[in-house]
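In what follows, a single structure is set out as structure tokens and then discussed.
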Amino acid sequence: MDKLIPVVVIKELGETDKILTALKKSGINCAEITFRTACAAEAIAYAVKNYPEMNIGAGTVINAEQCEKALEAGAKFIVSPGLSVPVANICKERGITYYPGCVTPTEIMQALELGITVVKFFPANVYGGLRALKALAAPFPQIKFIPTGGVDRSNLEDFLNFDKVYAVGGSFMVSEALEKMEAENK
């Protein structure tokens, strides 16, 4: 798994090539395409077909119906802002990795009961950031985290240097990659 998971919002299918090309040029071979737009499933299907070397997943999946659509589109992993037992069960049945959002000990315990050991920590900045992750890691040594929300260049290395951080998610990677590509094309 990549250590950087860009959170990608595709509003129009035509944006997919530009965004994924920019990410690849920046050395990022992963994209969490959010299920917040009408074209999300179509964008995931397009990305999986046209960027087979990239790890394309679906983000902001909040229910079983969205999960089914994302998997039909070819998503290789599923990410949720919270923990959904129906989504966890679908992913387990299909052998697909599921990263549910968990920020409390109770949610982490529920994830563990479902066999999940890597969770999204969102929004990281609101729920205490790295200090909170370190505190939560103590009673849950088997858990790894994907902090997302409030992670940027100023604190990225701090998160990545903590051994309980599996990867870091964020939309800032997309804007940086696009800016870099635009600068190179000038």
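The values are calculated or read from the model by the stated rules, or taken from the named source; none is laboratory data. What you see is a predicted model; the values in this text were computed from it and never measured. Cβ: placed from backbone, ideal geometry, glycine included. Neighbour counts: every protein chain shown. Only protein heavy atoms, including side chains, enter the accessible area calculation; ligands, DNA and RNA are left aside. Shrake-Rupley method; radii C 1.70, N 1.55, O 1.52, S 1.80 Å.
Carbon-plus-sulfur fraction of the accessible area of the chain, 1.4 Å probe, in percent?
For the chain, the apolar C and S fraction of the accessible surface comes to 51 percent.
Hey, what did segment 77-186 get for relative contact order, percent, Cα under 8 Å, at least 6 apart?
19
Determine the alpha carbon to alpha carbon distance for each of Lys49/Lys164; Lys11/Lys164; Lys18/Lys120; Lys134/Lys180 and list only those over 31 Å.
Listed pairs above 31 Å: Lys49/Lys164; Lys11/Lys164; Lys134/Lys180.
In whole Å, largest first, what are the principal axis extents of the Cα atoms in segment 106-160?
Here the spans come out as 34, 18, 16 Å, largest first.
Which order do Arg94, Arg36 take by accessible area at a 1.4 Å probe, largest first?
From most exposed to least exposed: Arg36, Arg94.
Charges on Cβ only, +1 for Lys and Arg, -1 for Asp and Glu, centred on the Cα centroid of the chain; of Ala22, Ala135, Thr37, which one is farthest towards the dipole's positive end?
The listed residue farthest towards the positive side: Ala135.
Which length gain, in nm to one decimal place, applies between Glu179 and Arg94 when the Cα-Cα distance is subtracted from 0.36 nm times their residue separation?
26.9 nm
Treat every Asp and Glu Cβ in the chain as -1 and every Lys and Arg Cβ as +1, leave all other atoms uncharged, and give the resulting dipole magnitude about the Cα centre to the nearest 20 debye.
260
Mean residue ellipticity at 222 nm from the helices of the chain, using -39,500 (n - 2.57) per DSSP H segment of n ≥ 4 over the full residue count, to the nearest 500 deg cm²/dmol?
The helix-only estimate for the chain comes to -12000 deg cm²/dmol at 222 nm.
Note the full-extension length gain between Glu113 and Glu68 as 0.36 nm times their separation in residues minus their Cα-Cα distance, in nm to one decimal.
In short, 14.0 nm is gained.
Checking the a/c ratio against 1.5 first, then a/b against b/c, what shape does the Cα gyration tensor give for segment 1-127?
Prolate, since a/c reaches 1.5 and a/b exceeds b/c.
At 1.4 Å probe size, with no ligands or nucleic acids counted, give the accessible surface of Val9 in Å², nearest ten.
50
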